[in-house]
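Asks: What follows is a single structure, and I will ask about it in a moment.
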Amino acid sequence: MHNKNSSKNSVSMNALSLAARYAEEYVADIRDRRVSPSRVDLDQLKQFNAELSQAGQSAEDVIDSLHHYGSPATVASTGGRYFGLVVGGATPASMGAAVLNAAWDQVAVLEASAPSAIHLERIAANWVLELLALPLKSSVGFTTGSSMANMVCLAAARNSQYQKLGINLAETGLSGAPALRIIVSEQSHVTVYKALSILGIGTQQLVKAPCDDQGRVRADRFPTIDETTIICLQAGNVNSGSFDPYEEIIPLARAVGAWVHVDGAFGLWAAASPAKFSLTCGVQQADSWAVDAHKWLNTPYDCGLAICRDGHAVHTVMTTQAPYLQAGVQVPPKDMVPEFSRRARGVEVWAAIQEMGPAGIAAMIDRCCTHAQHLCEGLAELGYDILNDVVLNQVVATIGCEDDVQKIVSAIQEEGVCWFGTTVWQGKTAVRLSVSCWATTGEDIALTLASIRRATEKIIVS
Ligand SMILES: *Cc1c(COP(=O)(O)O)cnc(C)c1O
């Protein structure tokens, strides 16, 4: 036990320091390399196809091949010029915390199984509630992302609405239960549909609320609501970044007893910025919220939070009881999310918030929004039509015909200075840029606009 020099231990020490060295090299190089891997780099992935050795390999050899063949074929999403999806990056403290957290290897089931990790997760949970101005007594479950957070919150919504009808779903199941009225937005994220489907709610059962040209649900055309309705709103449309009119819908919905869930995967972080807070006004009145840490809070993957005003509603759905599971006074993590064993991903949330502080987080949100504004201005100068009101970190713009847009984006991706993709917005094929990485600088935006200019001038013959 005290033999620190046992061969097993020293081998893993070498693997750890090797991994740390490679990780440092990787991070040091990230701003200067291609954003997407080159063909040659992708080709090298073939090296992993060799036959598995019966006897295995040394830990160092394993780490070596990961770095030599794996690292070059990554997407440099942490480097500041990746604008696809909504990815964020990983702040230095949260990345470092992830490394230490891996060494801890705690299982966040019960307090007794992970005392420090769960303590840190609880602090992080409270900080997130404060930063987002959500009810401080809400339950917070750490999930893999907003997909799972949507599912957790909607499971709580579903069971609690059925409870009102005298139906205990945990006992009787869905079969024979009357369909609830479920209202989604025409612009609800695909993962909301997935969550509902997993919960036994099919697309034909959904009522779709019409949206305006920014993708916000229209309060004046909102479907009727009853006391067991579940409503899915969103904070931050995945294309336009727009916000639903919470103040017009949520009070009416809650007055009749409907449950309002908000998918705020990235957009809810607007509430952490005094300058952007007004976009979220009234969202705090909802019943549940899904939000990611791995997107705009810039923690490493994977981490989302399922937040529910009525913690009891979540616990009744997620609870697991057995004589060997002695919980403390507080609800244990295993009773707030679907997973039983899981990694203590909230440790990285704690680290990111401790590192940046509320002022640093607000500054990061504002900085991303300012970069988005500059992208929008630069695109307009190049002759693009900007298709959304750039209220947040998202820019959707188009030029020429559909084929031109595709060709321009391919040329940009090929060049490798930056990366973003296309979308279809309001029936038009468009470029879609999302600025969500803490590391993005004004220079990155200038380099990106220069790359867009080169590709646009090549494709669009004026
Ligand atoms: C990314 C996203 C999701 C899904 O979140 P994951 O963390 O990827 O599971 C849901 N809704 C919106 C609006 C998103 O942007």
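The values are calculated or read from the model by the stated rules, or taken from the named source; none is laboratory data. Please read these numbers as outputs of a predicted model, since none were measured by experiment. Reconstructed Cβ throughout: ideal geometry from the backbone, glycine too, with neighbour counts over all protein chains shown. Surface areas here come from the heavy atoms of the whole protein model, side chains and all, with no ligands, DNA or RNA. Shrake-Rupley method; radii C 1.70, N 1.55, O 1.52, S 1.80 Å.
So that you can scan it fast, the table gives a plain yes or no per residue for (1) within 30 Å of SER436 (Cα to Cα); (2) touching a residue at least 40 places away in the same chain (Cβ under 8 Å):
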residue: LEU45; (1), (2): yes, no
residue: SER58; (1), (2): no, yes
residue: ASP61; (1), (2): no, no
residue: THR78; (1), (2): yes, yes
residue: GLY84; (1), (2): yes, yes
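Asks: Considering every residue within region 245-263, establish whether at least one is of a type in the set (A, V, I, L, M, F, W, C) and under 21 Å from TYR82 (Cβ atoms). Working first, answer last.
Replies: Quick first cut of region 245-263, residues of a type in the set (A, V, I, L, M, F, W, C) only: 249-250, 252-253, 255-256, 258-260, 262.
When the remaining residues are screened for being under 21 Å from TYR82 (Cβ atoms), the result is none.
No; the residues of region 245-263 include none that is of a type in the set (A, V, I, L, M, F, W, C) and under 21 Å from TYR82 (Cβ atoms).
Asks: Yes or no: LEU174 in contact with a helix residue (DSSP H, G or I) (Cβ under 7 Å, 6 or more places away or on another chain), part of a loop (DSSP other than H, G, I, E, B) and assigned by TED's automatic domain parsing to the domain that holds ASP292?
Replies: Values: in contact with a helix residue (DSSP H, G or I) (Cβ under 7 Å, 6 or more places away or on another chain): no; part of a loop (DSSP other than H, G, I, E, B): yes; assigned by TED's automatic domain parsing to the domain that holds ASP292: yes.
Spelling it out, it is not the case that LEU174 is in contact with a helix residue (DSSP H, G or I) (Cβ under 7 Å, 6 or more places away or on another chain), part of a loop (DSSP other than H, G, I, E, B) and assigned by TED's automatic domain parsing to the domain that holds ASP292.
Asks: Pull up region 320-348, narrow it to residues that are open to solvent by 60 Å² or more (accessible area, probe 1.4 Å) and without any contact (Cβ under 8 Å) to a residue 12 or more places away in the chain, then point me to the one that is farthest from ALA93 (Cα to Cα).
Replies: PRO323
Asks: Tell me whether region 212-223 contains one or more residues that are touching a His at 6+ places or on another chain (Cβ under 9 Å) and assigned by TED's automatic domain parsing to the domain that holds ALA306.
Replies: First pass over region 212-223, keeping only residues touching a His at 6+ places or on another chain (Cβ under 9 Å): none.
Checking region 212-223: not a single residue is touching a His at 6+ places or on another chain (Cβ under 9 Å) and assigned by TED's automatic domain parsing to the domain that holds ALA306.
Asks: Please note which strands (runs of 3 or more DSSP E) are completely contained in region 374-460 and include at least 3 residues that are in contact (Cβ under 8 Å) with a residue 24 or more places away in the chain, touching a strand residue (DSSP E or B) at 6+ places or on another chain (Cβ under 7 Å) and more than 19 Å from LYS295 (Cα to Cα). Step through it out loud before you land on a result.
Replies: On the way: elements: 394-398, 421-425, 428-434.
Filter on region 374-460 gives 428-434.
Conditions (1) under 26 Å from the mean Cα position of the chain (by Cα); (2) assigned to a helix (DSSP H, G or I), marked per residue:
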| position | (1), (2) |
| --- | --- |
| GLN54 | no, no |
| LEU85 | yes, no |
| ALA97 | yes, yes |
| SER116 | yes, yes |
| GLY141 | yes, no |
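Asks: Here is a further query. Given the residues VAL86, VAL62, which is the only one that is open to solvent by less than 70 Å² (accessible area, probe 1.4 Å), farther than 30 Å from TRP296 by Cβ and either at pLDDT 95 or above or within 16 Å of the ligand (Cβ to nearest atom) (or both)? Walk me through how you get there before you give the answer.
Replies: Details: VAL86 fails: farther than 30 Å from TRP296 by Cβ.
Of VAL86, VAL62, the one residue that is open to solvent by less than 70 Å² (accessible area, probe 1.4 Å), farther than 30 Å from TRP296 by Cβ and either at pLDDT 95 or above or within 16 Å of the ligand (Cβ to nearest atom) (or both) is VAL62.
Asks: Write out, first by first residue and then by second, each pair whose Cβ atoms fall under 9 Å of each other, whose residues are 6+ apart or on separate chains, and whose first residue, in region 112-133, is under 27 Å from ALA270 (Cα atoms) while the second is open to solvent by 50 Å² or more (accessible area, probe 1.4 Å) and of a type in the set (Asp, Glu).
Replies: Qualifying pairs under 9 Å: ILE118/GLU111; HIS119/GLU111.
Asks: Would you confirm, using the coordinates I've provided, whether GLY200 is outside any helix (DSSP H, G or I), touching a Leu at 6+ places or on another chain (Cβ under 7 Å), modelled with pLDDT of 95 or more and in the same structural domain as ALA177 (by TED's automatic domain parsing)?
Replies: In short, yes.
Asks: Would you say THR423 is closer than 30 Å to TRP127 by Cα and either aliphatic (A, V, I, L, M) or at pLDDT 95 or above (or both)?
Replies: Numbers: closer than 30 Å to TRP127 by Cα: no; either aliphatic (A, V, I, L, M) or at pLDDT 95 or above (or both): yes.
The answer is no for THR423.
Asks: Filter region 194-204 down to the residues that are without any contact (Cβ under 8 Å) to a residue 24 or more places away in the chain and open to solvent by 50 Å² or more (accessible area, probe 1.4 Å), then identify the one that is nearest to the ligand (Cβ to nearest atom). Quick ask: steps written out before the conclusion?
Replies: Just the residues of region 194-204 that are without any contact (Cβ under 8 Å) to a residue 24 or more places away in the chain, to begin with: 197, 202-204.
Those left that are additionally open to solvent by 50 Å² or more (accessible area, probe 1.4 Å): 197, 203-204.
On the way: SER197: 14, THR203: 17, GLN204: 22 Å.
The extreme case among them is SER197.
Asks: Please find, within region 293-310, the residue that is farthest from the ligand (Cβ to nearest atom) out of those that are of a type outside the set (A, V, I, L, M, F, W, C) and open to solvent by less than 10 Å² (accessible area, probe 1.4 Å). First the steps, then the outcome.
Replies: Filtering region 293-310 down to residues of a type outside the set (A, V, I, L, M, F, W, C) leaves 294-295, 298-302, 304, 309-310.
Keeping just the survivors that are open to solvent by less than 10 Å² (accessible area, probe 1.4 Å) gives 298-299, 304.
Numbers: ASN298: 13, THR299: 11, GLY304: 5 Å.
Looking at residues that are of a type outside the set (A, V, I, L, M, F, W, C) and open to solvent by less than 10 Å² (accessible area, probe 1.4 Å), I get ASN298.
Asks: Just the residues that are part of a loop (DSSP other than H, G, I, E, B) and aromatic (Phe, Trp, Tyr), please, taken from region 330-365.
Replies: At the first step, the residues of region 330-365 found to be part of a loop (DSSP other than H, G, I, E, B) are 330-332, 336-342, 344-345.
Listed by number, the list holds a single entry, PHE340.
Asks: For region 215-233, which residues satisfy the criterion of being open to solvent by 10 Å² or more (accessible area, probe 1.4 Å) and within 14 Å of the ligand (Cβ to nearest atom)? Steps first, please.
Replies: Quick first cut of region 215-233, residues open to solvent by 10 Å² or more (accessible area, probe 1.4 Å) only: 216, 218-228.
Scanning region 215-233 gives a single hit, ARG216.
Asks: Further question on the same structure: Failed condition for LEU110, given (1) farther than 30 Å from THR448 by Cβ; (2) open to solvent by 50 Å² or more (accessible area, probe 1.4 Å); (3) not acidic (Asp, Glu), with all others met?
Replies: Just one mismatch for LEU110, condition (2).
Asks: Right, another one. Is there a residue being crowded, with 24+ Cβ neighbours inside 10 Å, farther than 30 Å from ALA179 by Cβ and modelled with pLDDT of 95 or more anywhere in region 251-266?
Replies: yes
Asks: Now for a separate question. Sort out which residues of region 121-175 are open to solvent by 30 Å² or more (accessible area, probe 1.4 Å), of a type outside the set (S, T, N, Q) and within 16 Å of the ligand (Cβ to nearest atom), and write them in order of number.
Replies: Passing the criteria: only MET148.
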